[in-house]
Each structure stands twice: as structure tokens, then as C-alpha cells.
Amino acid sequence: MRRFLRRLITRRPVEHATVDCVAVGKVLQHYLDGAADAETTTLVAAHLDDCLRCGLEADTYRRIKAALAKHRQPPPPGSVQRLREFGLHLA
Amino acid sequence: MDAAVTAAAWDHVNNGAPVDEPAVVEAVERLLACAYSMPHPETGQMVPACVQHGCSIRSRPPNWSRSSPSAPSQWESAGRRAGSRGVNVDASRLTPFEQHVLPEIEVLLRVARSLTRNNADAEDLVQDTLIRAHNGIDRFDGRHPRAWLLTILRNAHINRHRRRRPELLRDPDVTFDRMSKAAGPEQTDAFVDLELDAELIRALDQLSQPFRFVVELVDIQGLSYAEAAQVLGVPPGTVMSRLHRARARLRDRLHRTGLAPRSHE
């Protein structure tokens, strides 16, 4: 995928480069996870600004990630302490 | 931590030496905050045992020596807080269970909570996991304790059959009660978020275990691709592939239920 994107980039100046929706779809989750490289990030961000279809897709994934992240909470300190004492008792 | 900074921080902790440099002050704070401790292999004095605060042989304070260990320090109380057995315990007497299992309790509890979505069940589940780990510690090779423990936890979870049913979130009374707590004109958005959340949990519950587990580890517990890969014992690329496919299925579910706009029409 990265090679494909780079081929597109080398054909045209970066400021005019575009990637089609299929290519963006393949790297969209990498981009949203912050795992895409700088060039890909620039290209995908520009495409999402222009393309309603991909913009909606990205928004859906952002909502999914945000909703799932809401379930992330630190464990209660009392539980950790009780389990540590239980483990020490076992050991 | 840099060795010189660590040595200066130790000097302050053990001997009350003055500290001026911000890096040393930060090191002292981090050392004092460490809840894990174990006897130093050379001196027997309690030292931080976690990776973040670990004190290597090269970075031990200059006043330490094998023949004259330092006087009892704040690490004794830190050790007691951490539940250690005492300052005079030799490192070789730490059991594999204490060495590999106890430091992972917090992570186990977080993952258990994501599986059960219930504090009491999570605590019970981790307790089961500790018992199973204790029974199987002789067969554990010492590598990747977190991955080993999470596998035990997952199997214990499957055997318990005590997951909270996400359908409870669909109960109209529950929904109305939670809706009533939503403030102001965003009630519609709050309702959509609530429905989306319930639908996501239901969809997540229906994913096969490899897909569900990678979503729980990365998107709920916030582990990186590499950490999740280590836990699951698969390459990072597999984690990414499973994660992306799992999210796509969650997205499709939201599309079907009308909770997210279809973008390919």
C-alpha cells in the first residue's frame, strides 16, 4: 500500500497529489490510529477534507474508537490491593 | 534513568543529600512513587523492581558495598506497602509466582473489567486467574508472563459463564433513566451515543474471540499494536489485520442499524 501511495506521489507534486477512495480506505485505520507515515497522513487528511464519502467513513471509525475508549477505566485501588494481598497469600 | 541521575537520587533517598537538578528531583519522585520493590541482588536492600524504576548494578549508589549494606531506608516501608515479605529476603527466595504474576495484577484487572464490564466479577475473575496461575506456575517457562496470564484469564472467563448481558442496556427503563441524566439540548445526541454504545457492545460480544480480544486490548485497554501482539503471541501485522477487520464489522453493524450513515451509497 505504501508503495502504491508513493507511486502516486512521485507522479505529481505533493501539493497536487490525490489518492482515490479505495487507496484511502486501505490506510484509513492506520491514519486514524496515528500509525501512518507523514506523507500518507498528509495525503489522507487532504482527501478526507474533500471527499464526503471518506469523511463520513472516517467519522464513523472515530465514533467507534471514542465509544470503545469510554470503557477504559483504571481499576479501583482497593481491588488491586486486595488481589495483591491474595496473591501474596497464595505465594 | 541515567546512571548519574539515579545515583544522585539514591544518595538523596538514603542519605538526605541535597538535590538541585530538576532531573534528580524527578528521579527521586519517581523512585518514591514506585510501589514494586525487591531485595537488591548484591546488598539485600529493598530497591525498586519494576522496569521503569529498576536500578541496575552499574547505577547503584556509590556508597553501597557488598560487605556493608546501607542502613534501612524508605524502601523498607515501600516494600511493606507493596506487600513484600521483608527487607532481609534474598532475591533467590522470590518465587516465580511473586516475580512474574504479582506485577501483572493491575493489567489483569483492567482486562478483566473489559471482559466482564463489572468490578466485582472482574475481581473474582482475576482471583480465579491467580489461583490457576499459582497451580500452573511450575509449567511456565518464565517468558512473556503477561501473555501467559492473559491466556489463563481468558480461559477462566470462558469457564465462568458470568458475563453481564449487554441486553440490559436495551431495557427501556434503564435507557430512560440514563437519558434523564443527560443534560440540555444534547439529549438527542446523548440518546444516539447511548444507542451506539449499546449496539457496539452487542456487536463486540458477537465477534469471534480473536477479533473481539484484539479490540478489547487495543481500543478499550489502550495497548499498542506491538503490546497486543506480544500478549496474543501473534505478529503485529496480524493484530492490525484483525483489528481493522473487527472495526469494519462494528462499522457494518452500525450501518445496518442506522446508527451511522452509509458512506458507500
ask   = Any residue in region B:117-135 that is surrounded by fewer than 20 Cβ atoms within 10 Å (Cβ to Cβ), more than 10 Å from every other protein chain (Cβ to nearest Cβ), without any contact (Cβ under 8 Å) to a residue 40 or more places away in the chain and in contact with a helix residue (DSSP H, G or I) (Cβ under 6 Å, 6 or more places away or on another chain)?
value = yes
query = Is it the case that A:Arg53 is within 7 Å of chain B (Cβ to nearest Cβ), surrounded by 14 or more Cβ atoms within 10 Å (Cβ to Cβ), part of a helix (DSSP H, G or I) and within 14 Å of the chain's Cα centre (by Cα)?
reply = no
message = List the residue pairs whose Cβ atoms are under 7 Å apart, where the first residue sits in region A:32-57 and is among the basic types (Lys, Arg), the second is surrounded by 14 or more Cβ atoms within 10 Å (Cβ to Cβ), and the two are 6 or more positions apart or on different chains.
response = A:Arg53/A:Cys21; A:Arg53/B:Ser263
key: Verdict on A:Gly78 being part of a helix (DSSP H, G or I), within 26 Å of B:Glu104 (Cβ to Cβ), more than 7 Å from chain B (Cβ to nearest Cβ) and small (Gly, Ala, Ser)   = yes
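Rundown of residues vs (1) of a type outside the set (A, V, I, L, M, F, W, C); (2) at pLDDT 85 or above; (3) under 27 Å from the mean Cα position of the chain (by Cα), yes/no style:
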residue: B:Asp177; (1), (2), (3): yes, no, no
residue: B:Ser180; (1), (2), (3): yes, no, no
residue: B:Gln187; (1), (2), (3): yes, no, no
residue: B:Ala190; (1), (2), (3): no, no, no
residue: B:Ala198; (1), (2), (3): no, no, yes
residue: B:Gln206; (1), (2), (3): yes, yes, yes
residue: B:Val215; (1), (2), (3): no, yes, yes
request  = Restricting attention to region A:21-50, report how many residues are within 11 Å of another protein chain (Cβ to nearest Cβ) and assigned to a loop (DSSP other than H, G, I, E, B).
outcome  = 3
request  = Scan region A:81-91 for residues that are more than 7 Å from chain B (Cβ to nearest Cβ) and crowded, with 18+ Cβ neighbours inside 10 Å and report the count.
outcome  = 0
When residues of region B:209-245 are limited to those that are assigned to a loop (DSSP other than H, G, I, E, B) and either among the basic types (Lys, Arg) or surrounded by fewer than 20 Cβ atoms within 10 Å (Cβ to Cβ) (or both), the one farthest from the other protein chains (Cβ to nearest Cβ) = B:Gly233
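The values are calculated or read from the model by the stated rules, or taken from the named source; none is laboratory data. This one's a predicted model, so the numbers in the text were calculated from it and none came from an experiment. Cβ atoms come from the backbone with ideal geometry, glycine included; neighbour counts cover every protein chain shown.
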